[in-house]
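Comments concern the structure below.
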Amino acid sequence: MKFAFVVYRDVLDDRISGILNEIGIDYYTEWEEVKGKGHQTEAHLGTRPFPGYNCVRMIAFEDEDKLKKLIEILAEFNHDVIRKDDHIRLFQPPLEKIV
């Protein structure tokens, strides 16, 4: 079993929903209006100088094929996006246990 955090700009929320639906992922925990700054990107703090927010979806995968497909789709998306600020990030830490 694995899990991942998908982090993206709030304006990409509909696109992320579409990607997850396409893969058959209808399970996640979502955080909205997340403030932060990535490596070599602009801050998204919901303020006038730093507009916009991030969103985060945490997804636990019993089916690793769905995770692999998600990684492929996000890599393709990011390949076509010029600005790093508009990339969709996926972080995959180890998942030890679900209770």
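Data table
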{"quantity": "Accessible surface of the range 1-55, 1.4 Å probe, proportion on carbon and sulfur as whole %", "calculated": "49 percent"}
{"quantity": "Highest to lowest packing among 89-99, 41-51, scored as the average C-beta count within 10 Å", "calculated": "41-51, 89-99"}
{"quantity": "Listed residues THR47, ILE23, LEU70: farthest to the positive end of the dipole of the chain (Cβ charges)", "calculated": "THR47"}
{"quantity": "Nitroxide proxy distance, nm - points 7 Å out along Cα→Cβ at ASP13 and VAL81", "calculated": "1.6 nm"}
{"quantity": "Two-decimal log10 I(q)/I(0) for the chain, as the Debye equation yields it once each C-alpha is a single scatterer, q = 0.14, 0.16 Å⁻¹", "calculated": "-0.53, -0.69"}
{"quantity": "Amide N of the range 64-97 lying under 18 Å from the label point, which is placed 7 angstrom from the Cα of GLU42 along Cα→Cβ", "calculated": "81-89"}
{"quantity": "Average accessible surface area per residue within the chain, 1.4 Å rolling probe, Å²", "calculated": "68 Å²"}
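The values are calculated or read from the model by the stated rules, or taken from the named source; none is laboratory data. Predicted model only: the values in this text are computed from it and were never measured. Cβ: placed from backbone, ideal geometry, glycine included. Neighbour counts: every protein chain shown. Side chains are part of the model used for accessible areas, which takes the heavy atoms of the whole protein and leaves out ligands, DNA and RNA. Shrake-Rupley method; radii C 1.70, N 1.55, O 1.52, S 1.80 Å.
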